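Working notes, structure below.
The values are calculated or read from the model by the stated rules, or taken from the named source; none is laboratory data. For clarity, every value in this text was computed on a predicted model and none was experimentally measured. Cβ placement follows ideal geometry from the backbone for every residue including glycine, while neighbour counts extend to all protein chains displayed. Accessible surface is based on the protein model in full, side chains and every heavy atom, while ligands, DNA and RNA are left aside. Shrake-Rupley method; radii C 1.70, N 1.55, O 1.52, S 1.80 Å.
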Amino acid sequence: MKDLNKKNAVEVLEDYYLFDSDAEIEYDNITFLASKICNTPISTITLLDDKRQWFKSKIGFEHSETPLNMSFCALSISKCKKVIVVPNLMEDADFSAIGKLNGLEKDGFYAAVTLFNEDEIPLGTLCVIDYESKVLDEDQMKALEILGRQVEELFKIRKKNIQLNKNYEVLKEKYTELKQFSNTISHDIQTPINNIISLITLLNDDKGNQNATSEYLELLVTSSYQLKNYVSNLLTYYQSESL
């Protein structure tokens, strides 16, 4: 597991377009289950930037973000562990200071599963919080970790969908450009083709006129080269777009 690099984590999170996004039932279902399984009044999916913690989903309170210095999850991630369990917040040397900022005077419970991307960069946490001290049994801990991995899968799917949408927009733009290009080429190619057809017809009609025949042949060669150049340019354009 990699150490937390806040700058990298914030930059990576930008690819997910999660901050300040609307509520989504898939995430809300997970915090609901986490709260029920662990029997805690509070559960959150928390993301961090350089100034705040923001809740993609939450159970047990109304606000959507708090300053970073009030964040249990920031402290949890800084410890570089996949799972953090603090049975009594106010008896823990590190967490008690943040507990006081959040209005705790005694007791309190916190457990979190760190959420990673595919490169093991920590993106946030799935956590559960109680105002009273408690412990989780083995099944509750396993369930919380499973839910955390499910959040990671939702993040992956979100990122893939964003990339697919970006690719779609690029393809749509390329299609528009190609359509315009093909219309231009179609018009430009028709001119030498029509010239060639007309010249062949004239040659056929004026077989006995040597001067006319020579002039028609020169024009025929010119039109043929024009057509060749158009085709060559078209192939060059196609090859450059395929690289």
Report whether or not Glu218 is at pLDDT 70 or above, under 30 Å from Phe116 (Cβ atoms) and part of a helix (DSSP H, G or I). no
Residue list for segment 65-75, restricted to those being touching a residue at least 40 places away in the same chain (Cβ under 8 Å) and closer than 23 Å to Glu14 by Cβ: Cys73
Residue satisfying all of: in segment 117-165; without any contact (Cβ under 8 Å) to a residue 60 or more places away in the chain and in contact with a Gly (Cβ under 9 Å, 6 or more places away or on another chain); least open to solvent (accessible area, probe 1.4 Å) among these: Ser133
Within the group Ile157, Ile193, Ile162, which residue is among the hydrophobic types (A, V, I, L, M, F, W, C), at pLDDT below 75 and in a helix (DSSP H, G or I)? Ile193
I want to confirm something. Restricting to segment 31-57 and keeping residues that are among the aliphatic types (A, V, I, L, M) and surrounded by 20 or more Cβ atoms within 10 Å (Cβ to Cβ), which single residue is farthest from Asn165 (Cα to Cα)? Ala34
Taking the residues in segment 84-94 that are open to solvent by less than 40 Å² (accessible area, probe 1.4 Å) and β-branched (Val, Ile, Thr) as candidates, determine which candidate is farthest from Lys51 (Cα to Cα). Val86
Here are the criteria: (1) over 19 Å from Asn102 (Cα atoms); (2) of a type outside the set (S, T, N, Q); (3) assigned to a loop (DSSP other than H, G, I, E, B). Tell me which single one His63 does not satisfy. (1)
State the number of residues belonging to segment 166-182 that are of a type in the set (Phe, Trp, Tyr) and either without any contact (Cβ under 8 Å) to a residue 40 or more places away in the chain or touching a His at 6+ places or on another chain (Cβ under 6 Å) (or both). 2
Taking Ala111 as the residue in question, decide whether it is open to solvent by 20 Å² or more (accessible area, probe 1.4 Å) and modelled with pLDDT of 90 or more. no
Matching entry among Thr40, Thr31 (being assigned to a loop (DSSP other than H, G, I, E, B), out of contact with any Cys (no Cβ under 8 Å at 6 or more places or on another chain) and at pLDDT 95 or above): Thr40
Quick check: is even one residue across segment 59-66 at pLDDT below 95, over 20 Å from the mean Cα position of the chain (by Cα) and surrounded by 20 or more Cβ atoms within 10 Å (Cβ to Cβ)? no
Does Asp130 fit the bill of being under 25 Å from Gln53 (Cα atoms), over 24 Å from the mean Cα position of the chain (by Cα) and not basic (Lys, Arg)? yes
Output the residues belonging to segment 98-108 that are at negative phi and open to solvent by less than 10 Å² (accessible area, probe 1.4 Å). Gly99
Give the residue, chosen from Ser57, Ser21, that is without any contact (Cβ under 8 Å) to a residue 40 or more places away in the chain and not in a loop (DSSP other than H, G, I, E, B). Ser57
Could you tell me which numbered condition Ala143 fails, if it satisfies all but one of (1) modelled with pLDDT under 95; (2) in a helix (DSSP H, G or I); (3) of a type in the set (A, V, I, L, M)? (1)
